[in-house]
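Contents: one structure, followed by commentary.
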Amino acid sequence: KDVKTDKELVLSGQDNPTKDTENLKELEESTNDEKTPDNDRMVARNGTVMSKKKIVASLRGVDEAAARQILDEIVVNGDEVHWEDIAGLEEAKKSLKEAVVYPFLRPDLFSGLREPARGMLLFGPPGTGKTMLARAVATESQSTFFSISASSLTSKYLGESEKLVRALFQLARKMAPSIIFVDEIDSLLGTRDRDGENEASRRIKNEFLVQWSNLTKAAAGKDTGEDVQRVLVLAATNLPWGIDDAARRRFVRRQYIPLPQRNTRRAQLETLLMHQKHTLSEVDFDALLDLTRGFSGSDITALAKDAAMGPLRELGDRLLMTNKSEIRPLKLKDFVCSLRYIKPSVSQKSLARFEEWAKVYGSSG
Ligand code: ADP
């Protein structure tokens with residue numbers, strides 16, 4: 001894997017042969033002839049070294065400190081997620097490929113009527129793989145991935161947030177193809193009458209909507225010289241009903257990410273147990289799948305981690321003297337024990353609410 005030191009950031013999206021790399025080319029050539037200090041370096045997936053300082057300097061009308069903060073904290077580096085790391089969710093993957101990945105990789109095929117959407121919403125219960133999907137989309141579409149949690153915009157960065165939002169969109173345009181992933185979007189685009197919506201958060205929300213509209217307008221015009229067609233706002237929420245009507249309509253696609261079905265739970269458990277000694281038979285697996293009905297993906301990960309501790313727990317202090325090869329394999333009973341503490345985190349009631357919302361506002365099924 002292409003993991004860099006924390007001083008470096010891995011940018012993707014510069015190695016796509018079909019891409020018009022004009023913008024980044026300038027930056028790349030201008031930095032190759034001199035030594036770029038470590039904390040100023042950005043390394044693209046194809047190994048190209050760029051200077052953050054020069055990227056920032058190339059932006060117009062953007063607060064430099066904010067842009068720098070985006071490059072340091074918001075652009076995601078290393079640790080790529082690929083489609084095959086995500087169990088199940090075939091429908092969501094298919095929809096994301098069609099809406100984002102193919103258009104980003106083959107912009108020549110996706111113009112005019114086939115122009116890609118500029119906003120997509122992933123909604124569903126917590127821990128079902130929304131963030132993983134967003135990361136996989138960025139990897140598979142070879143895009144620069146900007147990941148920000150909306151609640152940090154309205155808390156941690158409050159005061160700086162408007163500048164940050166402006167810098168975020170400018171950088172995403174400069175470094176296109178780009179995915180702007182906004183987690184907990186409901187806290188940014190919540191309904192107006194929501195408790196606690198103060199003047200500051202209203203301003204950030206407006207700035208976000210304005211920048212997003214500008215993107216759409218720029219994409220409609222031809223002469224920007226930027227690759228705005230390939231900048232997408234991908235958002236996730238566990239509270240889709242908290243998004244205000246106008247904002248919701250801007251997400252042309254709204255993809256439901258449901259709790260994992262039996263097959264998906266099976267695939268995930270198999271992956272989790274792949275490198276673990278265990279004695280689970282087909283019959284045990286079936287029993288386990290019955291027992292994990294209603295579990296989210298993250299509940300299943302938590303359960304498997306806890307169960308894997310079973311063989312060590314029963315050793316107590318003897319663990320310190322036991323050879324690794326003598327540790328007994330994992331059994332169904334370890335899972336059964338862990339099920340006493342690890343319970344499904346999504347209630348039937350809230351599940352029903354998601355299903356209902358999906359029926360009314362979802363893009364499919
Ligand atoms: P969300 O964004 O929907 O709240 P995440 O994508 O952050 O959920 O998933 C949380 C964790 O749960 C992941 O890091 C992973 O361990 C596990 N997980 C959730 N869904 C899946 C899945 N479909 N396949 C594999 N792991 C999953």
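Read-outs throughout are calculated quantities, based only on the coordinates presented, and are distinct from any laboratory measurement. Quick caveat: nothing in here was measured; it's all calculated off a predicted structure. Cβ atoms come from the backbone with ideal geometry, glycine included; neighbour counts cover every protein chain shown.
For this structure, a couple of remarks:
- Test set (1) in contact (Cβ under 8 Å) with a residue 60 or more places away in the chain; (2) away from the ligand (no atom under 16 Å from the Cβ) - LEU153 fails condition number: (1)
- Counting the residues of the range 287-326 that are within 16 Å of the ligand (Cβ to nearest atom) and acidic (Asp, Glu) gives 2.
- Matching entry among ASP290, ASP306, ASP284, ASP317 (being in a helix (DSSP H, G or I), crowded, with 18+ Cβ neighbours inside 10 Å and of a type outside the set (Gly, Ala, Ser)): ASP306
- PRO107 vs. criteria within 15 Å of SER143 (Cβ to Cβ), more than 19 Å from the chain's Cα centre (by Cα) and touching a residue at least 40 places away in the same chain (Cβ under 8 Å): yes
- Test set (1) within 15 Å of ALA235 (Cβ to Cβ); (2) surrounded by 23 or more Cβ atoms within 10 Å (Cβ to Cβ) - SER141 fails condition number: (1)
- Selection from the range 110-130 of residues that are in contact (Cβ under 8 Å) with a residue 12 or more places away in the chain, among the small types (Gly, Ala, Ser) and away from the ligand (no atom under 16 Å from the Cβ): SER111, ALA117, GLY119
- Condition met for ALA167 (outside any loop (DSSP other than H, G, I, E, B), within 13 Å of the ligand (Cβ to nearest atom) and touching a residue at least 24 places away in the same chain (Cβ under 8 Å)): no
- Residues in the range 81-112 that are surrounded by 17 or more Cβ atoms within 10 Å (Cβ to Cβ) and over 30 Å from ARG262 (Cα atoms): PRO103, PHE104, LEU105, PRO107, PHE110.
- Taken over the range 260-286, the criterion of being aliphatic (A, V, I, L, M), in contact (Cβ under 8 Å) with a residue 12 or more places away in the chain and away from the ligand (no atom under 11 Å from the Cβ) is satisfied by LEU273, LEU280.
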